[in-house]
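Data first, discussion second: the structure below is written as structure tokens.
Read-outs throughout are calculated quantities, based only on the coordinates presented, and are distinct from any laboratory measurement. What you are looking at is a predicted structure, and each value in this text was computed from that prediction instead of being measured. Neighbour counts are summed over all protein chains in view; Cβ atoms, including those assigned to glycine, are modelled from backbone coordinates with ideal geometry.
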Amino acid sequence: MLKIKKSDLAALFARISEKNDLFLPVKTAGKTNFAAWDEAADVDLDTLKTVKSPKDAFFPQSENLYTCNREDGKLKVSPEKLTDEPFVLFGIRACDVRAIDVLDRVFLSEPVDSYYAARREHGIIVSYACNNPETSCFCKVFGIDAAVPAGDVVTWMVGEELYWEAKTEKGEALTAQVRDLLVDADVATVEAAQAAIRSIIEKLPNSNLSLEGWGAEAAKTRFDSPVWEQLYKPCLACGTCTFVCPTCQCYDIKDYNTGNGVQRFRCWDSCMYSDFTMMAHGNNRTSQMQRFRQRFLHKLAYYPANNEGMFSCVGCGRCVDKCPSHLNIVKVIKAFEKEGV
């Protein structure tokens, strides 16, 4: 176990950035999101949850795939260059680290998404324990320990010191790069902080939410439930929940005429939109109720059915905080529990 004074973090960030691109929570216009670090960045490690999750680093909201041009009467296809330089994501919370595991099972399964795979190969995750979990958090429901997040390096802020522990080969290599800035630390201090975090989590209103009845078989027992008709009506189909969600992986592929060729790109999409998966004959989900049901059954039934029971919700609570109609996955789970369905 190693540590560094909070007042020396700027030096740590500068050292990391000498050999790696560095991304971490940065406050801009009063909102905190992951962004590239420079000396002028307003680094914000105190905000518990960034507005958007850091999945952008591996699965960007929009990215070019390739460009087509005609040269000398022949069609030339130029794929975008794959990520080939190391980068560090610093300050990722436990829920968002688990979310990357959820995305891995989608994009690294056959056929492997080469763009995503290249970023995962070169990305180094420095996670950050949650000192003050909020009432909207419910990661414990999904077996996530906010006091001991996964990652290549795990860090804890205790008082005015950041504690640091490498967990993987990538983490060891990064630690070697900054080792002279760190000093040996007492494990007992971190263990006390972990106990305090878990104590807070136990008192949160949704930490003991029951997942009974959800999982691989839920699609059979709950697909036709009348509860969906009761729940969906306030939904505005705005897609906010899907864009702040760290595990949503749906995307659309579009072509853009540059005037000198065609640029193909992909961008995040949302199952809450009426034109989602629109095909030549139309959309197979013709009502907002069907689209609403699809979102939550995917998180709680379809994904677990294909991933050894693993849910594709991580309890980050962003949808709880951001939905303008106060609809979220917690409300869905509680509604079915209330109805006994």
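Whole-Hz Karplus values for the range 118-125 come out as 5, 5, 5, 5, 9, x, 10, 9 Hz, taken residue by residue from phi with 6.51 cos²θ - 1.76 cosθ + 1.60 and θ = phi - 60°; glycine and proline positions read x. If R0 is 25 Å, the Cβ-Cβ spacing of Asn257 and Thr286 corresponds to a FRET efficiency of close to 0.20.
Scoring 188-199, 249-260 by mean Cβ neighbours within 10 Å over their residues and listing the highest first yields 188-199, 249-260.
For Lys74, the lysines whose Cα falls under 28 Å of its own Cα, not counting residues fewer than eight places away in the same chain, are Lys254. The convex hull drawn around the Cα atoms of the range 218-339, when projected onto a plane and averaged over every direction, covers 9.3 nm². Remark on Val158: its backbone amide H falls under 5 Å from those of Tyr163, a criterion applied only to residues 5 or more positions apart or on other chains, H modelled at 1.01 Å from N. From the square roots a ≥ b ≥ c of the eigenvalues of the alpha-carbon gyration tensor of the range 128-180, which class results: rounded (a/c under 1.5), prolate (a/b over b/c), or oblate? It is oblate, given that a/c is not under 1.5 and a/b is not larger than b/c.
Taking the number of Cβ atoms within 10 Å of each Cβ as an exposure proxy, the fewest-first ranking of Lys27, Lys74, Lys170 is Lys74, Lys27, Lys170. Here's how it looks for Asp44: its modeled amide H is under 5 Å from those of Val26, Lys27, which are all 5 or more places away or on a different chain. Couplings 3J(HN,Hα) of the range 231-247, computed from phi: 7, 6, 4, x, 5, 8, 6, 7, x, 4, 4, 6, 7, 8, 5, x, 10 Hz, in residue order, whole Hz [Karplus 6.51 cos²θ - 1.76 cosθ + 1.60, θ = phi - 60°; x for Gly and Pro]. Put simply, the amide H of Leu65, placed in the peptide plane, has neighbours under 5 Å in Arg264, Phe265, Arg266, leaving out anything fewer than 5 places away on its chain. Across all directions, the shadow cast by the convex hull of the range 2-202 built on its C-alpha atoms averages 14.0 square nanometres. Histogrammed with a bin width of 20 Å, the alpha carbon distances of the chain distribute as 27, 55, 17, 0 percent, first bin at zero. The packing ranking, built from the mean of other Cβ atoms within 10 Å per residue, places the peptides 128-141, 323-336 in the order 128-141, 323-336, highest first.
Taking label points 7 Å from Cα along the Cα-to-Cβ direction, Asp104 and Arg198 give a separation of 2.4 nm. On full extension, the segment bounded by Glu308 and Lys334 gains 7.0 nm, given 0.36 nm per residue less the C-alpha separation.
State the extension gain, in nm to one decimal, for the chain segment bounded by Lys81 and Ala176, taking 0.36 nm per residue of separation less the distance between their alpha-carbons.
Extending this stretch completely gives an extra 31.3 nm.
Here r is the Cβ-Cβ distance between Ala188 and Leu236 and R0 is 45 Å; the resulting FRET efficiency, rounded to 0.05, is 0.35. Extension gain for Asp8-Thr28 works out to 5.0 nm (0.36 nm per residue, less the C-alpha to C-alpha distance). Could you work out how far the C-alpha centroid of the range 287-323 sits from that of the range 2-78, in angstrom? What the calculation gives is 27 Å, centre to centre.
Label-to-label distance, Thr168 versus Leu211, with points set 7 angstrom from Cα along the beta-carbon direction: 2.2 nm. Across the range 288-305, computed HN-Hα scalar couplings (Karplus, 6.51 cos²θ - 1.76 cosθ + 1.60, θ = phi - 60°) run 5, 4, 5, 5, 4, 4, 4, 4, 7, 5, 5, 5, 10, 9, 5, 5, x, 5 Hz from first to last residue, x flagging Gly and Pro. Using R0 = 45 Å, the C-beta based FRET efficiency linking Glu71 and Ser325 works out to 0.30.
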